[in-house]
Amino acid sequence: MLIATLEKKGNRPGRSGAAEPFRMDDFAAPLAQLIDELKRLPGIGQKSAQRIAFHLLRAEPERAAALARALAGLRENMRFCSVCNNLTDIDPCQFCADPRRNREVICVVEEPNNIFSIEKTREYNGLYHVLHGAIAPLQGVGPDQLRIHSLLLRLRETPGQPPVREIILATDPDSEGEATAAYLARLLKPLGVKVSRIGMGIPVGTEIEFADEVTMLKALEGRREL
Ligand SMILES: [Zn+2]
């Protein structure tokens, strides 16, 4: 009954007859708080936030409890891999710890979620290094704010480990990603390692995160040495 009333209020047309009239004080405080938090998530607007909130109210109580547990455990159980800076619940992460992966190649990406774009091609079998950003002078992000030092450490010869032979720069093909790739190429090439940049299957100005697997595969295959 309460839910039905809330839904009716949430959907009622506004004075102007506009499609999406709402006032947050139309909602009961706990509901307004949830909608407010959901709206802060990427890609979630007022309408989606309301839909999710009402869905959770209607769903089995265990569903909402499971979601709450997953959210609470996310920050508690996730950390950065001490080798590649990927987000992980185990250290080293699943890629660094996997003996079947080719340790002679490291693919450098801006963000942890870029790894999934490359993994879904099912063609890349090397390791990763996550910079956690890109050089963006206008936002005050310089090389020192990125995880570059730990990349250099990985190029040191380690007894019992094959040396790193190639670094693939898979930063986004936008101005920040290109500036980062150019900086890293200048830094890495004198160290005697092959440095390559992913090909331009990915449209300039877009983010790797949104590349489909075929485009990402073409970009990897079409990489050129810098
Ligand atoms: Zn790792």
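Every read-out reported here was derived from the displayed coordinates using simple, explicitly stated rules and does not represent laboratory data. Because the structure is a prediction, the values reported are computed rather than measured. For neighbour counting, all protein chains shown are included, and Cβ atoms are generated from backbone atoms with ideal geometry for every residue, glycine included.
The figures follow:
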read-out	value
Loop-exposed GluC sites (Glu not before Pro) per DSSP, neighbour cap 14 Cβ within 10 angstrom, longest uninterrupted part of the chain	1-122
Acute angle (nearest 10 degrees) that the helix 29-39 long axis makes with the longest principal axis of the chain, alpha-carbon atoms	30
Of all DSSP beta bridges in the range 80-225, antiparallel share, percent nearest 5	25
Selection of trypsin sites (Lys or Arg not before Pro), the range 122-203, meeting DSSP coil and at most 10 other Cβ within 10 Å	Arg122, Arg156
For the range 80-225, size of Cβ-based charge dipole, Lys and Arg +1, Asp and Glu -1, in debye	680
Cα gyration tensor shape for the range 108-192, rounded if a/c is under 1.5, else prolate or oblate	oblate
All aspartates and glutamates inside 17 Å of Lys218 as judged from Cα atoms, apart from same-chain residues fewer than 8 positions distant	Glu119, Glu123, Asp172, Glu207, Glu209
